[in-house]
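Only one structure is covered here, and it is reproduced in the block below.
The values are calculated or read from the model by the stated rules, or taken from the named source; none is laboratory data. Every value quoted in this text rests on a predicted model; they were computed, and no experiment measured them. Cβ sites come from the backbone with ideal geometry, for glycine too, and all protein chains shown count toward neighbours. Protein only, heavy atoms only, side chains kept; ligands, DNA and RNA dropped before computing areas. Shrake-Rupley method; radii C 1.70, N 1.55, O 1.52, S 1.80 Å.
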Protein chains: 2
Amino acid sequence: MKFQYHLPVNLVFGKGSVAQIGDIAGNYGKKALIVTGCNSTKKSGLLDRVIGYLKASSIESVVFDKVKQNPLTTTAEEAAAMAKENECEVVVGLGGGSIMDCAKATAFLSVNSGNINDYIFGRQIGTEALPIILVPTTCGTGSEGNGFAVLTNPDTGDKKSLRCNAIVAKASIIDSECIMTMPKSILASVGFDALCHSMEAYISKIGQPMTDMMSLEGMKLIGQYLVPLYKGENSTEAWDAISWASTLGGMVINNAGVTLPHGMEHPASGLKNIVHGKGLASLTPVITEATIASCSLENKEKYAEISRCIGGKDETDCVSKLNELLANLDLSLTLSDLGITEADVNWMAENCMKVSAAGVANHPVEFTQDQIAELYRKAL
Amino acid sequence: MKFQYHLPVNLVFGKGSVAQIGDIAGNYGKKALIVTGCNSTKKSGLLDRVIGYLKASSIESVVFDKVKQNPLTTTAEEAAAMAKENECEVVVGLGGGSIMDCAKATAFLSVNSGNINDYIFGRQIGTEALPIILVPTTCGTGSEGNGFAVLTNPDTGDKKSLRCNAIVAKASIIDSECIMTMPKSILASVGFDALCHSMEAYISKIGQPMTDMMSLEGMKLIGQYLVPLYKGENSTEAWDAISWASTLGGMVINNAGVTLPHGMEHPASGLKNIVHGKGLASLTPVITEATIASCSLENKEKYAEISRCIGGKDETDCVSKLNELLANLDLSLTLSDLGITEADVNWMAENCMKVSAAGVANHPVEFTQDQIAELYRKAL
């Protein structure tokens with residue numbers, strides 16, 4: 001057993017804890033760039049509340065509100081230009097995964113020069129970023145728990161993550177009151193994303209004792225709480241459980257990586273701007289079935305554990321339990337439902353080998369490009 | 001559910017990994033103070049190997065080899081003077097808990113002026129220390145996983161820890177080859193210490209989801225592997241499991257604290273220089289019995305979980321399973337066996353309320369000074 005575990009997260013968890021953001025941000029600077037979306041944090045009033053909390057701690061703020069789903073490298077560049085122009089000392093990300101990832105990339109680009117794609121593809125290394133504070137408003141991405149920022153290059157369609165400990169947030173404020181305002185349809189897809197993070201880290205070839213333990217806990221919590229929450233249970237306990245599971249999912253992929261479901265989803269959503277959790281819903285059962293059919297006994301036992309976390313008995317009912325969970329979340333989808341056609345398959349399979357090389361390598365069964373194309377076809 | 005989790009450990013785990021120490025230390029400086037004991041790392045050859053690894057990375061080193069069991073504040077002061085005199089930029093702690101704690105305090109005192117007791121009792125705050133690299137040679141203390149350094153003030157007998165994230169190691173190299181050379185009698189006492197860390201964090205009033213999860217994992221591993229290892233099984237798997245459980249134990253107390261067993265043991269070993277794990281062995285069953293008798297149903301369920309981790313069925317056999325474990329480790333001891341007498345009880349109870357106020361407060365049943373004195377008497 002050999003591993004390295006280094007993930008300097010600072011998690012401030014609890015209902016109402018966003019009110020501490022001024023005190024926390026005050027440790028890092030007097031001027032903040034708030035990165036957010038164009039809509040939901042304004043409608044919910046969260047943006048104004050955060051501006052107020054910062055102001056009460058004498059922190060001035062400017063707002064960048066142009067982040068959209070599957071954020072573009074060019075958007076992060078635009079936000080970083082705004083941070084530099086305004087001499088911001090700290091970046092606050094307020095929103096879901098796309099927004100937090102864009103905030104992280106913005107903080108990185110504010111102090112590193114050159115082309116972000118060079119950093120994403122590892123041709124250049126950066127070890128610094130502006131201090132980052134994240135407030136998730138969805139529970140799925142787990143971006144608040146890791147040093148990843150997934151971005152799409154609009155020129156190539158490559159969707160791939162910038163990865164370094166410099167973009168681990170100085171503080172992540174996980175406040176279920178900021179999360180429970182999200183629409184149920186979003187809960188379904190982000191909650192399934194969170195499950196995939198823990199599942200993929202758990203089966204990953206580079207998993208380790210720390211991530212195995214956290215992945216299992218995340219899957220158990222999602223197995224117990226996600227469907228009731230989606231069906232209308234609104235207890236703080238359930239929101240806390242799913243929020244915590246989501247953060248755990250973000251943490252485990254930092255060290256154990258993702259595997260083929262995320263690896264195959266990125267080309268699809270990079271190409272067609274698909275909702276990430278929906279892309280995962282269309283691909284995960286197909287990939288899981290093919291993997292269980294040909295993986296080692298040790299990995300079959302891992303799928304048995306996954307199955308038990310979501311109400312099954314062993315690896316033989318893992319796929320049917322996944323499908324049942326997806327049906328309960330109204331996420332029984334195919335890639336065709338999401339606008340992907342047979343004509344996209346070859347590009348996606350090729351792109352998968354390029355942008356998701358690590359995910360392909362981490363998967364318990366190593367599929368070839370042709371086999372990956374075949375899996376895309378099955379998911380159509 | 002409200003909590004904060006911030007523990008920036010960097011764990012480099014695995015057999016043979018100490019060979020990386022030169023590369024790792026090279027990130028922090030060109031001159032190291034190696035803090036170690038007077039004997040075991042010399043006899044095992046580890047000290048010379050580490051000096052060689054550092055030299056191969058062009059890192060010069062000086063050795064401070066005067067640390068003894070239950071390290072004194074004055075010893076750390078002496079080591080810090082040596083670090084300053086030699087302009088050391090990094091502190092390497094090579095040994096068991098006493099040595100790692102002394103190394104941490106040395107790194108702290110090398111950059112903070114004033115009296116260390118003021119920092120220990122929170123009258124003064126320090127946020128910096130020299131970079132620390134730890135190589136544990138026992139598996140119990142968990143010091144490699146936290147920001148605590150337990151020291152004894154020779155003037156007052158106060159045994160209490162310095163606590164801050166500045167003394168979390170920049171890297172902890174947990175290499176079972178450096179650990180498996182320890183005598184079996186030491187394995188028994190340090191292994192029981194590791195179990196106590198996880199047990200105490202698990203029942204602590206300030207426990208949280210992250211520490212609960214890690215505590216349970218630590219207890220399960222110790223329940224499964226400690227006695228076989230003590231009885232002569234020498235597999236890498238077992239040494240890895242106990243080493244990992246020990247690190248987990250160190251991590252959980254950083255955020256969940258300790259409770260009454262550690263709280264009551266510190267006055268005893270501060271007074272009589274007792275082996276820490278033996279002090280815990282004499283006190284833990286007595287304290288656990290009294291606690292289970294009067295704690296809430298929720299806490300009884302926690303003791304049931306603890307019992308299951310060490311082979312029991314529920315809270316009703318938790319104490320007998322603890323006693324069985326201690327018997328298997330040849331640790332069925334009373335405080336009298338360790339040189340404590342009735343005449344020491346009142347000082348210990350009074351000292352416990354002073355140096356272990358947090359541990360007393362974290363315990364699931366809050367005992368008074370008189371009740372604590374009574375527990376000491378029962379353990380005689």
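Some notes on this structure:
- Those lysines that a straight Cα-Cα span of less than 17 Å connects to A:LYS378, excepting residues fewer than 8 apart in one chain: A:LYS278
- Per-selection Rg to Rh, the range A:10-178 - Cα, Kirkwood hydrodynamic radius: 0.94
- By the compact-protein rule of thumb, 2.2 N^0.38 Å, the alpha-carbon radius of gyration of the range A:247-346 corresponds to a ratio of 1.12.
- The range A:150-196 versus the range A:55-70: alpha-carbon centroid distance in Å: 17 Å
- Area buried, chain B against chain A - accessible surface, total, 1.4 angstrom probe, square angstrom: 2200 Å²
- Label-point spacing for B:ALA56 across the identical copies (point 7 Å from Cα in the Cβ direction), in nm and ascending order: 5.7.
- Ellipticity estimate at 222 nm from DSSP helix runs (n ≥ 4, -39,500 (n - 2.57)) divided over chain B, nearest 500: -17000 deg cm²/dmol
- Rounded Å value of the spacing that divides the Cα centres of the range B:83-140 and the range A:345-380: 50 Å
- For the range B:271-377, GluC sites (Glu not before Pro) meeting the loop criterion (DSSP other than H, G, I, E, B) and having at most 15 other Cβ atoms within 10 Å: B:GLU366.
- Legend: residue pairs A:LYS43/A:LYS231; A:LYS42/A:LYS321; B:LYS15/B:LYS170; A:LYS184/B:LYS2, Cα-Cα distance threshold 27 Å; pairs beyond threshold, A:LYS42/A:LYS321.
- The heavy atoms of A:ARG163 offer some 120 square angstrom of accessible surface to a 1.4 angstrom probe.
- Each residue, A:ASN165 and A:GLU298, gets one label point 7 Å from its Cα in the Cβ direction; the gap between the two is 2.7 nm.
- Extending 7 Å from the Cα toward the beta-carbon at both B:GLU128 and A:SER336 defines two label points whose distance is 6.6 nm.
- Length-normalised contact order for the range B:10-178 - Cα pairs under 8 Å, 6+ apart - percent: 29 percent
- Cα-based Rg / Dmax (Å) for chain B: 19.5, 59
- The B:ASN346 and A:ASN346 beta-carbon pair, evaluated with R₀ = 60 Å, returns a calculated FRET efficiency of approximately 0.15.
- Here the range A:10-178 has 46 percent of its accessible surface on carbon and sulfur atoms, given a 1.4 Å probe and all protein chains in place.
- With the simple spin-label model, which puts each label point 7 Å out from Cα in the Cβ direction, the B:ILE206 to B:ASN273 separation comes to 3.2 nm.
- Accessible area per residue for chain B is 35 Å², calculated with a 1.4 Å probe on protein heavy atoms, without ligands, DNA or RNA.
- Over chain B, Cα pairs under 8 Å with separation of 6+ residues give a relative contact order of 16 percent.
- Two-site FRET efficiency, A:LYS2 against A:GLU237, from Cβ-Cβ distance with R₀ of 41 Å, rounded to 0.05: 0.60
- Chain B residue nearest the axis that carries B onto A, by Cβ, with distance in whole Å, is B:PRO8, 2.
- Spin-label zone in the range B:212-247 - amide nitrogen under 12 Å from a point set 7 Å from the Cα of B:LYS184 along the C-beta vector: B:227-234
- A:VAL111 label point (Cα plus 7 Å toward Cβ) to equivalent points in the other copies: 1.6 nm, shortest first.
- Structural descriptor for the range A:184-379: relative contact order 28 percent, calculated from alpha carbon pairs under 8 angstrom and at least 6 residues apart.
- Available extension along the chain between A:LYS30 and A:GLU374 is 118.5 nm, counting 0.36 nm per residue and deducting the alpha carbon span.
- Taking only the alpha carbons of the protein assembly as shown, we obtain Rg and Dmax values of 26.5, 87 Å in that order.
- The length gained on full extension between B:ASN39 and B:LYS84, counted as 0.36 nm times the residue separation minus their Cα-Cα distance, comes to 13.8 nm.
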